[in-house]
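Comments concern the structure below.
The values are calculated or read from the model by the stated rules, or taken from the named source; none is laboratory data. Source: prediction; values computed, not measured. Glycine also receives a Cβ, built like all others from the backbone with ideal geometry; neighbour counts cover every protein chain displayed. What goes into the accessible areas is simple: the full protein's heavy atoms, side chains included, and nothing from ligands, DNA or RNA. Shrake-Rupley method; radii C 1.70, N 1.55, O 1.52, S 1.80 Å.
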Amino acid sequence: MVDAGTGTPEPVRLHEECARTLGIEVIDGEWPVGEARTLEDVQTRFGVSRTVAREVARQLEVMGLVLTRRRHGMLPQPVERWSVLDPKLIDWRLRSTRRADQLRSLTQLRLVVEPEAAEGAARHASVHTRARLLPLAAEMRRTGEAGDLQEFLQHDIEFHRLILRSSGNELFAALSDLVAVVLSGRTDQGLMPAQPQPEALDGHEAVAQAVFRGDPAAARAAMQLILDEVRSAVSPP
């Protein structure tokens, strides 16, 4: 059966909802490390079939949030065992009470990766990518100044994806979906200002221009300024 509103098969939607609820409980510490829960517990709590309960357990185990043991059930694991770069887990952490910590750690990762990626894009990006970044930055300014955060978000995601995927480093490229989740999470959770900071809009235009003209040092410096602004926004006062 398919859900009329989402077009998603109901068992898939069910197991995703159940897994997210339980996953966030692990993240928040409401379901503490070492406290076992069985498939029967999942079935009873959510009113789902055995098949759905098994899929919930499988997803949580793949993400490192639980360890499943025969005759014991699901046992939550410490954060050291989580698949912390899994975009879905990042999304759940941004929905949890620990979202501020997640934003800070992700911003620290971005501070290390994205200035280097911008420098690499200035060296390696294709003509098509160089030409695409300039109008993207212009659209970010237009939608940002208009307060259209959803459209701004889509341009912002595409901008950073292009930089990471054009960096000449396949590991940076692999992080592009992660950064998309972070950007979406800030908007969805109401952590973005009603209008992006002028410095951020200026910074994206500066990155685009530096990549377009093949200036690695300027691209790195401009991206560093963007991330410094993000760090200030997510750091405690």
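Kindly indicate whether P237 is within 19 Å of A100 (Cα to Cα), open to solvent by 10 Å² or more (accessible area, probe 1.4 Å) and at pLDDT below 95. The answer is yes for P237.
Answer with yes or no whether A121 is among the hydrophobic types (A, V, I, L, M, F, W, C), open to solvent by 30 Å² or more (accessible area, probe 1.4 Å), more than 25 Å from R99 (Cβ to Cβ) and touching a residue at least 60 places away in the same chain (Cβ under 8 Å). No; evaluated as a whole, the condition is false for this residue.
The single residue among R71, R54 that is farther than 27 Å from S235 by Cβ and either among the small types (G, A, S) or assigned to a loop (DSSP other than H, G, I, E, B) (or both) turns out to be R71. Among the residues here, R13 does not qualify as open to solvent by 60 Å² or more (accessible area, probe 1.4 Å), modelled with pLDDT of 95 or more and among the charged types (D, E, K, R). There is at least one residue in region 98-105 that is more than 17 Å from A222 (Cα to Cα) and either touching a Leu at 6+ places or on another chain (Cβ under 6 Å) or part of a loop (DSSP other than H, G, I, E, B) (or both). For the residues T68, T143, T129, T97, the requirement of being in contact with a Phe, Trp or Tyr (Cβ under 6 Å, 6 or more places away or on another chain) and among the hydroxyl-bearing types (S, T, Y) singles out T143.
What are the residues in region 78-99 that are under 12 Å from D28 (Cα atoms) and either open to solvent by 40 Å² or more (accessible area, probe 1.4 Å) or of a type in the set (S, T, N, Q) (or both), if any?
Scanning region 78-99 gives P78, V79, R93, R95, S96, T97, R98, R99.
Inside region 118-150, residues that are at pLDDT 95 or above, touching a Ser or Thr at 6+ places or on another chain (Cβ under 8 Å) and farther than 18 Å from R220 by Cβ make up a count of 1. Under the condition of being of a type outside the set (G, A, S) and farther than 18 Å from L227 by Cβ, the residues counted in region 178-193 number 2.
In region 207-228, the residue that is least open to solvent (accessible area, probe 1.4 Å) out of those that are assigned to a helix (DSSP H, G or I) and over 19 Å from A138 (Cβ atoms) is L227. Among the numbered conditions (1) in contact with a His (Cβ under 9 Å, 6 or more places away or on another chain); (2) part of a helix (DSSP H, G or I), the only one that G168 does not meet is (2).
A quick yes/no check of all residues on (1) farther than 15 Å from A208 by Cβ; (2) open to solvent by 10 Å² or more (accessible area, probe 1.4 Å); (3) not aliphatic (A, V, I, L, M):
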position: G144; (1), (2), (3): no, no, yes
position: Q154; (1), (2), (3): yes, yes, yes
position: L164; (1), (2), (3): no, no, no
position: N169; (1), (2), (3): yes, yes, yes
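Of the numbered criteria (1) out of contact with any Pro (no Cβ under 7 Å at 6 or more places or on another chain); (2) open to solvent by 60 Å² or more (accessible area, probe 1.4 Å); (3) in a helix (DSSP H, G or I), the one D177 fails is (1).
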